[in-house]
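K.L.:
Sharing a structure below in C-alpha cells format, with a few things to ask.
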C-alpha cells in the first residue's frame, strides 16, 4: 500500500507539473489522476478501524471542503461580474464552515477514544 | 521554478498530506495525527490558491477574508454540538459542501458564458460543469432534508414519504436534467443556455429533496454515506472544470470514503444501493405486523441487577435508543459497577446501530469506555453463546432473529448480533411500540427475554444504583 502510494504520488507529481493552476484542461491526465486517487482512497479507507467511522466521515467532510480552492479562484477573478464574485464568496463561506467545524469536531471526537487503563503497558 | 509550478508544488504536498491523513485514521493511536496532517494540507491548499490567484492578478481580498471569518464564526459552534447530534451536523456539512460546489460551478458557467469564449466551454468542461451542478445541488437539498429528519424538526416527515409513481417521477426529473445537460453541451453559447442551466439547477434541487423524502431513519447511515460520496464527487467535477488536480485528488479521497462506508452499511443491512434509494423502507411491513397478539415478560430492575451481578460475561448491545436518551454516561456507571464485581463487560456494535456509521463508538468513547471493549458484530457473535446476559439498550432491528429465519420479514438476511444466544436477555425499551422501522421483534417474546420498560437513561441509571447499593452491604 505504501509502495503503491509513493509510485502514484510520483505520477501525480508529473501530472501536476504539466499544467498551471488554470490552463486548458488536460482531460486524460485529469482522468488518470482521478482514477489513481480513487484507488488510493479506497485502499486507505478500507484500513480505517470501524471504531472511527464517525470521525472518518467528519474528517473527509473537512477534506472535501477543498472546494474552497475553486471558490477562491472564482471570488478573486478580476473581470468577473459582481454576482459571480458573490457566488464565489458564498462558496468560500460554506467551505470554511466545513473546514473549521470538520477538523475541530474530528479532533474532539478522537480525543475521547481511550485504551483500557493498563492495557497499553 | 516558475511561480505557477510553486503553486503546483504546494498542491502536491497537500495531496500527500491528505492521503497520510486518511492512512493515520486506521488506528485510534495515530488518528489525531491524521487531523493535524489534514489541517496542514488544507492550509497549504489555501495558501497555494491565494498565491496562484495573486500571480494571475486577483482581487476582492478583503471580501475573501470576510467570507473566511464568517465561515469560521459559523463553523466553530457547529463543532461544539453534543455528540448525539453528530449525524445531523454531518448531514448539514454535506449540504454546505454540495452548495459550495454548486455555486462555484454556477459562477464559472456564467463567467465563461459572459466571455462568449468558445474554447472555455468545450464539451468536456461543460460535461464536468453539468455534473458538478447536478451533484452539488442535489447533495445540498438532499442533505438539508436528511439533517432535518435527523434533527426531528416537526414539519419534516420522519417516516418515509411515498406516493404513486414515485420512482417514475424521480427518474423523469433526472432524465430531464440529463437531457438539458446534453443540449447545453452541444450548444453552450446559445441564447437559451443560461435558462437551460438554471433549469438544471432547479431540477437538481428538486431531485435532492425527492430522493431523500422516501428514506426513513433506519436507512440514514447509508444515506449519509452516499451523500458524503456525492459531495466528494462534486469536488472532483469542479477539479475537471478548473483543471485543478488537487481538487480531483481530495474530492476522490472523499468520494471513495463515502463509497466504502455506503457499501459497508448496505452489506450490514443486506440491501443494495438501489434498494435503499428506491425501496422506501419502513412502509412495506404493515402487512406483517397485524399477527396474533403475543405477550412480553417484563421484569424489575432489582432482579435484573441481581442477575447481572452474578454473571461472568455481560454483553451490552446499544442502539439508537441509547443516543436519543443520552444514556451513555449511565451506561458507563453500569459498566464500572459490573467491572468492580469482576464481571466481564463487552459492547456489541452493529455497523448500522445509530444514525451514522460509527455513531455508537463515539458516544461510548465520550462516556470514557475504553475502546478495547467495543467489539464489532462478527467478533462478538462468537462470544454470545457464552454470555450470561445480553442487555439491549435501545437497539431493535439489529438483534431481531427474524433476520435469520423469517423469509417474509423485510429485514430477512440482514446480519444481526446474536443476542438471543445469550443465557438471559434483558431489553430496555421506551414503549411497547415496534422500533423505527416498524418491525415486530421476536427476540422480545422468547422465554429467556425480560423487558425493562422505561427511558434508557433512567433504567440504566437504576441498574447501576442497584448494583452500587447491593455492594455496600
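The values are calculated or read from the model by the stated rules, or taken from the named source; none is laboratory data. Remember, it's a predicted structure, so these values are computed and weren't measured experimentally. So basically every Cβ, Gly included, is an ideal-geometry build from the backbone, and we count neighbours across all protein chains shown.
K.L.:
Could you list, in sequence order, the residues of region B:298-312 that are part of a helix (DSSP H, G or I) and under 35 Å from the mean Cα position of the chain (by Cα)?
P.N.:
Step one: list which residues in region B:298-312 are part of a helix (DSSP H, G or I), which gives B:301-309.
Passing the criteria: B:301, B:304, B:305, B:308.
K.L.:
So, one more: Within region B:337-363, how many residues turn out to be assigned to a loop (DSSP other than H, G, I, E, B) and more than 9 Å from chain A (Cβ to nearest Cβ)? First the steps, then the outcome.
P.N.:
Here is the first cut: in region B:337-363, the residues assigned to a loop (DSSP other than H, G, I, E, B) are B:341-343, B:350-358.
Next, only the ones that are more than 9 Å from chain A (Cβ to nearest Cβ) stay: B:341-343, B:350, B:352-353, B:355.
Result for region B:337-363: 7.
K.L.:
Could you tell me whether any residue of region B:11-20 is within 18 Å of residue A:71 (Cβ to Cβ), within 7 Å of chain A (Cβ to nearest Cβ), touching a helix residue (DSSP H, G or I) at 6+ places or on another chain (Cβ under 8 Å) and crowded, with 20+ Cβ neighbours inside 10 Å? Spell out the reasoning first.
P.N.:
Taking region B:11-20 first, the residues within 18 Å of residue A:71 (Cβ to Cβ) are B:11, B:14, B:18.
Okay, now just the ones that are also within 7 Å of chain A (Cβ to nearest Cβ), so B:11, B:18.
Now drop any that are not touching a helix residue (DSSP H, G or I) at 6+ places or on another chain (Cβ under 8 Å), which leaves B:11, B:18.
From what is left, the residues that are crowded, with 20+ Cβ neighbours inside 10 Å are B:11, B:18.
Within region B:11-20, one or more residues are within 18 Å of residue A:71 (Cβ to Cβ), within 7 Å of chain A (Cβ to nearest Cβ), touching a helix residue (DSSP H, G or I) at 6+ places or on another chain (Cβ under 8 Å) and crowded, with 20+ Cβ neighbours inside 10 Å.
K.L.:
If the requirement is being under 14 Å from residue B:213 (Cα atoms) and within 14 Å of chain A (Cβ to nearest Cβ), which of these qualifies: B:121, B:131, B:150, B:145?
P.N.:
Values: B:121 fails: under 14 Å from residue B:213 (Cα atoms); B:131 fails: under 14 Å from residue B:213 (Cα atoms); B:145 fails: within 14 Å of chain A (Cβ to nearest Cβ).
None of the others qualify; the one that does is B:150.
K.L.:
Please state which of the following conditions residue B:41 fails to meet, knowing it meets all the rest: (1) surrounded by fewer than 22 Cβ atoms within 10 Å (Cβ to Cβ); (2) more than 7 Å from chain A (Cβ to nearest Cβ).
P.N.:
Among (1) surrounded by fewer than 22 Cβ atoms within 10 Å (Cβ to Cβ); (2) more than 7 Å from chain A (Cβ to nearest Cβ), the lone unmet condition for residue B:41 is (1).
K.L.:
From B:132, B:152, B:118, grab the single residue that is in the same structural domain as residue B:211 (by TED's automatic domain parsing) and at positive phi. Write out each step before concluding.
P.N.:
Details: B:132 fails: at positive phi; B:118 fails: at positive phi.
Being in the same structural domain as residue B:211 (by TED's automatic domain parsing) and at positive phi holds for just one of B:132, B:152, B:118, which is B:152.
K.L.:
Then there's this: State whether one or more residues within region A:74-82 are more than 7 Å from chain B (Cβ to nearest Cβ), farther than 21 Å from residue B:41 by Cβ and either at pLDDT 95 or above or over 20 Å from the mean Cα position of the chain (by Cα) (or both). Show your work before the answer.
P.N.:
Initially, region A:74-82 is screened for residues more than 7 Å from chain B (Cβ to nearest Cβ), giving A:79, A:82.
This time we only want the ones that are farther than 21 Å from residue B:41 by Cβ, so: A:79, A:82.
Then drop every residue that is not either at pLDDT 95 or above or over 20 Å from the mean Cα position of the chain (by Cα) (or both), which leaves A:79, A:82.
Looking through region A:74-82, at least one residue is more than 7 Å from chain B (Cβ to nearest Cβ), farther than 21 Å from residue B:41 by Cβ and either at pLDDT 95 or above or over 20 Å from the mean Cα position of the chain (by Cα) (or both).
K.L.:
Can you tell me which residues in region B:78-96 are part of a loop (DSSP other than H, G, I, E, B) and either touching a strand residue (DSSP E or B) at 6+ places or on another chain (Cβ under 8 Å) or touching a residue at least 24 places away in the same chain (Cβ under 8 Å) (or both)?
P.N.:
If the condition is that a residue be part of a loop (DSSP other than H, G, I, E, B) and either touching a strand residue (DSSP E or B) at 6+ places or on another chain (Cβ under 8 Å) or touching a residue at least 24 places away in the same chain (Cβ under 8 Å) (or both), then B:82 is the only one that fits.
K.L.:
Mind telling me which of the residues A:91, A:62 ends up being surrounded by 24 or more Cβ atoms within 10 Å (Cβ to Cβ), in a helix (DSSP H, G or I), facing another protein chain (nearest Cβ under 7 Å) and in contact (Cβ under 8 Å) with a residue 40 or more places away in the chain?
P.N.:
Details: A:91 fails: in contact (Cβ under 8 Å) with a residue 40 or more places away in the chain.
That would be A:62, the only listed residue that is surrounded by 24 or more Cβ atoms within 10 Å (Cβ to Cβ), in a helix (DSSP H, G or I), facing another protein chain (nearest Cβ under 7 Å) and in contact (Cβ under 8 Å) with a residue 40 or more places away in the chain.
K.L.:
So, in region A:36-59, exactly how many residues are surrounded by 24 or more Cβ atoms within 10 Å (Cβ to Cβ) and either more than 7 Å from chain B (Cβ to nearest Cβ) or outside any helix (DSSP H, G or I) (or both)?
P.N.:
So the answer is 1.
K.L.:
The conditions are (1) surrounded by fewer than 22 Cβ atoms within 10 Å (Cβ to Cβ); (2) in contact (Cβ under 8 Å) with a residue 12 or more places away in the chain; (3) under 17 Å from residue A:106 (Cβ atoms); (4) at the interface with another protein chain (Cβ under 8 Å from one of its Cβ atoms), and residue B:72 fails exactly one of them. Which is it?
P.N.:
All conditions pass for residue B:72, except number (2).
K.L.:
Quick one: residue B:199 ticks every box in (1) under 18 Å from the mean Cα position of the chain (by Cα); (2) more than 30 Å from residue B:440 (Cα to Cα) bar one, so which box is it?
P.N.:
(1)
K.L.:
Got a sec? Which strands (runs of 3 or more DSSP E) wholly within region B:364-473 have at least 2 residues that are touching a residue at least 40 places away in the same chain (Cβ under 8 Å) and either assigned by TED's automatic domain parsing to the domain that holds residue B:341 or under 25 Å from residue B:301 (Cβ atoms) (or both)?
P.N.:
Details: elements: B:374-376, B:389-393, B:424-429, B:449-453.
Because the criterion is at least 2 residues that are touching a residue at least 40 places away in the same chain (Cβ under 8 Å) and either assigned by TED's automatic domain parsing to the domain that holds residue B:341 or under 25 Å from residue B:301 (Cβ atoms) (or both), the strands (runs of 3 or more DSSP E) in region B:364-473 that meet it are B:389-393, B:424-429, B:449-453.
K.L.:
Can you name every residue in region B:97-115 that is within 7 Å of another protein chain (Cβ to nearest Cβ) and touching a residue at least 40 places away in the same chain (Cβ under 8 Å)? Walk me through how you get there before you give the answer.
P.N.:
Just the residues of region B:97-115 that are within 7 Å of another protein chain (Cβ to nearest Cβ), to begin with: B:97, B:99-101, B:103-104, B:106-108, B:110-111, B:114.
Within region B:97-115, B:97, B:99, B:101, B:104, B:106, B:108, B:110 meet the criteria.
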